[in-house]
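Visitor: Okay, here's the structure, questions in a sec.
The values are calculated or read from the model by the stated rules, or taken from the named source; none is laboratory data. This is a predicted model, so every value here is computed, not measured. FYI the Cβ positions are ideal-geometry reconstructions off the backbone, even for glycines, and counts take in every protein chain you see. Calculation scope for accessible area: heavy atoms of the full protein, side chains included, ligands and nucleic acids excluded. Shrake-Rupley method; radii C 1.70, N 1.55, O 1.52, S 1.80 Å.
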Amino acid sequence: MRRSIRYQLLALFGAMLVGTMVTYLALASRIVTADKLATVYDVNALLAATVADQIDSTLDALSDKLKYFAAEGSPNEARAKALFDADDEVLSLELWKRASSGGFEKTFSFIDLPRLQSLNLAAGDLEHARKEYPVPLESVAAAGLVVQNASLQPDLALLRVAVATSNANIVAVADLRPERLLKVVQGAGVYRVFVVDARGAVLAHPDPQKVLGHMDLSALPVVKDALDAKVARGSRDYGADDGDVVASYARLERGSAAVVVETPRAEVFRATRELQERSILFAIALMSVTLIAAVYFSRRVTAPLRTLELTMARVSKGDFTVAVEVTSQNEIGAVATAFNEMTKELGKRNDELERKNALLVQSEKLSAIGELSAGLAHEVKNPMVGIVGFAQLGKESADLDEAKEYFGLIDNDAQRANSILQRLLEFARPPDVERERLEIRGVVDGAVKLVAHQLQLQGVRIETRYAEGLPDIIGNGNQLRQVLVNLMMNAGQAMEQSKEKKLYVEASGADWTVLVSVKDTGPGMAPDVRKRLFEPFFTTKPRGKGTGLGLSISRSIIEEHKGELRVESEIGAGATFVIRLPAAPPATVQPKAAAS
Ligand code: ADP
């Protein structure tokens, strides 16, 4: 299959473009992904630490206030109110003292009722929460500070902070609204911030249901790290229910809790993905534009080449009058100019060659005439002798009637001589290139008449045979006669030494072709002679006798007639030359009987 340069160029540029873009995209994505991941780890860790610090300082401030309240003499409502005024998130306050029995007993309790009412809460709600989630007093005594999620379903969000005095004998407990803590964990964009207690249950979470449900997150790898790891801060990534996440934790300094920051990987790489998607769209757009441009430009490049190709095909068929239009000054224009010059030059040379060829054909014909001259002279001489004799007799005749009879005989002989010379002149004239519809029989007869006398002098007997209903041919009678004269003269020369000198000239037709064979009873020819027979200047005749051009010219004449000239010959078995010519299409006009 032919592949045009245009498509090869297109495929090359397309492959290069796609390859470059894919490589660039892959590299860019890798760099951006790695960079982004590193940044996310940093930001996660920083955010966790910052939130932890913030909560720590809030708890510190509250712890100081509660310790102060617990330590200063006997607590009373006025001091409790002062504490409530200093912190508007506090809803209730309790003091527990270690009893002599070892356990803790409540020594003071205060609830800010108006504050509760303003929040649509009742004292019973707090009671309920305390029952449901009692203060782990011993843990508080041991740890110094415990933060507890005391929320109740369906909508009571409650945070509890319990602080022990330095001698661990008094524990102050405050129930708080968790707004401050929730504010810290909310609105961090793609970063999910939450706080878990010492068991891994939720203390603060952007999802209120998780806070109210005390959701247990201890199974999360990052929460496990936060609870168990030796270091207070760390990061890791893992697969969560809603996809892979990158996570960091920071333990609080106090309160046995930890801040966790989770970032979904999908969010992290959203920009990268968008970059990839846009790059692909951009690549498609770029490729489409490039494709259109490539088609346009390659068409401009290859269109002149196509014209050149078509013109070349015409030149190769012998039409040297064509030229391609030079439309550009570039390399293609240069090729077109060179091509036009080449065509012109080829045309000139072709004309020259044709002229020389015609001269050669003519000279070969004249040389045949030379060979025929003895026979022709003889043939003309006979009527001339007759003319002279009858003229003598006419001169001497007594009456006019007798003289008239001699005039008649003189006329006959003169006509005969004239027709012989006429035939010779016809044969000798340079051939015109015109072709016409011809009866093959007329052509063969004409040639036979030209050589008959010469061959007769050489002792050759000619036999002609024509098949019935031969189709006509289209051709040049003069040229075809030249071929036949050449074949018959060659045969005559070949039979010079032969005992039997017979020449069979036959015409037959088959399957839209006409066959003319010239068969002699000469010595035939050896295979090496047969092979070279049609080569120009190949002759076995002595110098000055043969030119070696007869058969090569004959073959080119027959080929110009779209026919074929071949030989069949064996040593000692004579030679048969066969001319095959295409038959003319059925006649609508009467063919020329071929002048002879
Ligand atoms: P030329 O007749 O000038 O030699 P041709 O091309 O007509 O040139 O013939 C080439 C050669 O072919 C002759 O020299 C001869 O050897 C051989 N040849 C041609 N016709 C015959 C034939 N009928 N029998 C044997 N040889 C032949």
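Visitor: Determine which member of the set VAL195, VAL211 is in contact with a His (Cβ under 8 Å, 6 or more places away or on another chain), part of a helix (DSSP H, G or I) and in contact (Cβ under 8 Å) with a residue 24 or more places away in the chain.
Guide: Numbers: VAL195 fails: part of a helix (DSSP H, G or I).
On inspection, the qualifying residue turns out to be VAL211.
Visitor: Of all residues being among the polar types (S, T, N, Q) and either open to solvent by less than 50 Å² (accessible area, probe 1.4 Å) or under 40 Å from the mean Cα position of the chain (by Cα) (or both) in region 27-42, which is farthest from VAL268 (Cα to Cα)? Just the residue, please.
Guide: Taking region 27-42 first, the residues among the polar types (S, T, N, Q) are 29, 33, 39.
Next, from what is left, pick out any that are either open to solvent by less than 50 Å² (accessible area, probe 1.4 Å) or under 40 Å from the mean Cα position of the chain (by Cα) (or both): 29, 33.
Working: SER29: 13, THR33: 9 Å.
Here the residue is SER29.
Visitor: Could I ask something else about it? Does LEU10 meet the test of being more than 29 Å from PHE282 (Cβ to Cβ) and in contact with a Ser or Thr (Cβ under 8 Å, 6 or more places away or on another chain)? Even if it seems obvious, please write down each step before you answer.
Guide: Numbers: more than 29 Å from PHE282 (Cβ to Cβ): no; in contact with a Ser or Thr (Cβ under 8 Å, 6 or more places away or on another chain): yes.
No; evaluated as a whole, the condition is false for this residue.
Visitor: Does ALA201 satisfy the criteria of being open to solvent by less than 20 Å² (accessible area, probe 1.4 Å) and in contact (Cβ under 8 Å) with a residue 24 or more places away in the chain? First the steps, then the outcome.
Guide: Numbers: open to solvent by less than 20 Å² (accessible area, probe 1.4 Å): yes; in contact (Cβ under 8 Å) with a residue 24 or more places away in the chain: yes.
Spelling it out, ALA201 is indeed open to solvent by less than 20 Å² (accessible area, probe 1.4 Å) and in contact (Cβ under 8 Å) with a residue 24 or more places away in the chain.
Visitor: Can I ask one more? Could you tell me whether any residue of region 579-587 is within 9 Å of the ligand (Cβ to nearest atom) and assigned to a loop (DSSP other than H, G, I, E, B)? Walk me through it before giving the result.
Guide: So the first thing to find is which residues in region 579-587 are within 9 Å of the ligand (Cβ to nearest atom), and the list is none.
Among the residues of region 579-587, not one is within 9 Å of the ligand (Cβ to nearest atom) and assigned to a loop (DSSP other than H, G, I, E, B), which makes the answer no.
Visitor: Another question about this same structure. Out of GLN456, GLN479, GLN493, I need the residue that is open to solvent by 20 Å² or more (accessible area, probe 1.4 Å), assigned to a helix (DSSP H, G or I), touching a helix residue (DSSP H, G or I) at 6+ places or on another chain (Cβ under 9 Å) and free of Cβ contacts under 8 Å to residues at least 60 places away in the same chain. Which one?
Guide: Numbers: GLN456 fails: free of Cβ contacts under 8 Å to residues at least 60 places away in the same chain; GLN479 fails: free of Cβ contacts under 8 Å to residues at least 60 places away in the same chain.
Exactly one of GLN456, GLN479, GLN493 is open to solvent by 20 Å² or more (accessible area, probe 1.4 Å), assigned to a helix (DSSP H, G or I), touching a helix residue (DSSP H, G or I) at 6+ places or on another chain (Cβ under 9 Å) and free of Cβ contacts under 8 Å to residues at least 60 places away in the same chain, namely GLN493.
Visitor: Follow-up. Can you tell me how many residues in region 110-137 are more than 23 Å from LEU212 (Cα to Cα) and surrounded by fewer than 16 Cβ atoms within 10 Å (Cβ to Cβ)?
Guide: Restricting attention to region 110-137, the residues satisfying the condition of being more than 23 Å from LEU212 (Cα to Cα) are 110, 114.
After this cut, where a residue has to be surrounded by fewer than 16 Cβ atoms within 10 Å (Cβ to Cβ) as well, the list is 114.
The number of residues fulfilling the criteria is 1.
Visitor: OK, next. Can you tell which of ILE474, ILE553 is touching a residue at least 60 places away in the same chain (Cβ under 8 Å), out of contact with any strand residue (DSSP E or B) (no Cβ under 8 Å at 6 or more places or on another chain) and among the hydrophobic types (A, V, I, L, M, F, W, C)? Quick ask: steps written out before the conclusion?
Guide: Values: ILE474 fails: out of contact with any strand residue (DSSP E or B) (no Cβ under 8 Å at 6 or more places or on another chain).
Of ILE474, ILE553, the one residue that is touching a residue at least 60 places away in the same chain (Cβ under 8 Å), out of contact with any strand residue (DSSP E or B) (no Cβ under 8 Å at 6 or more places or on another chain) and among the hydrophobic types (A, V, I, L, M, F, W, C) is ILE553.
Here's the yes/no breakdown for (1) of a type in the set (Lys, Arg); (2) in contact with a Leu (Cβ under 9 Å, 6 or more places away or on another chain); (3) near the ligand (Cβ under 8 Å from one of its atoms):
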| position | (1), (2), (3) |
| --- | --- |
| LYS499 | yes, no, no |
| LYS502 | yes, no, no |
| VAL516 | no, yes, no |
| PHE538 | no, yes, yes |
| LYS541 | yes, no, yes |
| LEU549 | no, yes, yes |
| ILE557 | no, yes, no |
| GLU568 | no, no, no |
| THR576 | no, no, no |
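Visitor: I would also like to ask the following. Would you check which residues across region 569-596 are open to solvent by 90 Å² or more (accessible area, probe 1.4 Å) and either of a type outside the set (Lys, Arg) or modelled with pLDDT of 95 or more (or both) and list them? Full working, then the answer.
Guide: First, pick out the residues of region 569-596 that are open to solvent by 90 Å² or more (accessible area, probe 1.4 Å): 570-571, 586, 588-590, 592.
Answer for region 569-596, where residues must be open to solvent by 90 Å² or more (accessible area, probe 1.4 Å) and either of a type outside the set (Lys, Arg) or modelled with pLDDT of 95 or more (or both): GLU570, ILE571, PRO586, THR588, VAL589, GLN590.
Visitor: Right, another one. Working only within region 150-177, note down all residues that are at pLDDT below 85, part of a loop (DSSP other than H, G, I, E, B) and not polar (S, T, N, Q).
Guide: PRO154, ASP155, ALA168
Visitor: Let me ask something else. Quick one: VAL485 ticks every box in (1) buried (at least 19 other Cβ atoms within 10 Å of the Cβ); (2) assigned to a helix (DSSP H, G or I); (3) within 7 Å of the ligand (Cβ to nearest atom) except a single one, so which number is it?
Guide: (3)
Visitor: Are there any strands (runs of 3 or more DSSP E) wholly within region 214-330 with 1 or more residues that are surrounded by fewer than 18 Cβ atoms within 10 Å (Cβ to Cβ), touching a residue at least 12 places away in the same chain (Cβ under 8 Å) and of a type in the set (D, E, K, R), and if so which? Before you say what the answer is, go through the steps one by one.
Guide: Working: elements: 233-240, 243-251, 258-264.
Per the criteria, 233-240, 243-251.
Visitor: Testing LEU409 on (1) more than 60 Å from the chain's Cα centre (by Cα); (2) part of a helix (DSSP H, G or I); (3) within 16 Å of the ligand (Cβ to nearest atom), one condition comes back false. Which one is that?
Guide: (3)
Visitor: Is it the case, given these coordinates, that ALA45 is without any contact (Cβ under 8 Å) to a residue 60 or more places away in the chain and within 60 Å of the chain's Cα centre (by Cα)?
Guide: Values: without any contact (Cβ under 8 Å) to a residue 60 or more places away in the chain: no; within 60 Å of the chain's Cα centre (by Cα): yes.
No, not satisfied.
Visitor: Can you tell me which of (1) hydroxyl-bearing (Ser, Thr, Tyr); (2) more than 9 Å from the ligand (Cβ to nearest atom); (3) part of a helix (DSSP H, G or I) is the one SER508 doesn't meet?
Guide: It fails just one condition, (3).
Visitor: Follow-up. I'm checking my understanding of the structure. Among residues of region 522-562 that are within 24 Å of LEU366 (Cα to Cα) and of a type in the set (Gly, Ala, Ser), which one is modelled with the highest pLDDT?
Guide: Top of the filtered list is SER554.
Visitor: Can you tell me which residues in region 518-534 are assigned to a loop (DSSP other than H, G, I, E, B) and more than 8 Å from the ligand (Cβ to nearest atom)? Step through it out loud before you land on a result.
Guide: At the first step, the residues of region 518-534 found to be assigned to a loop (DSSP other than H, G, I, E, B) are 521-526, 533-534.
Correct list: THR521, ALA526.
Visitor: What is the number of the single condition among (1) open to solvent by less than 40 Å² (accessible area, probe 1.4 Å); (2) within 20 Å of ASN382 (Cα to Cα) that ASP472 does not meet?
Guide: Going through the list (1) open to solvent by less than 40 Å² (accessible area, probe 1.4 Å); (2) within 20 Å of ASN382 (Cα to Cα), ASP472 breaks only (2).
Visitor: Within the group SER508, SER517, SER498, which residue is free of Cβ contacts under 8 Å to residues at least 60 places away in the same chain, touching a strand residue (DSSP E or B) at 6+ places or on another chain (Cβ under 6 Å) and not basic (Lys, Arg)?
Guide: On the way: SER517 fails: free of Cβ contacts under 8 Å to residues at least 60 places away in the same chain; SER498 fails: touching a strand residue (DSSP E or B) at 6+ places or on another chain (Cβ under 6 Å).
Just one listed residue meets the conditions, SER508.
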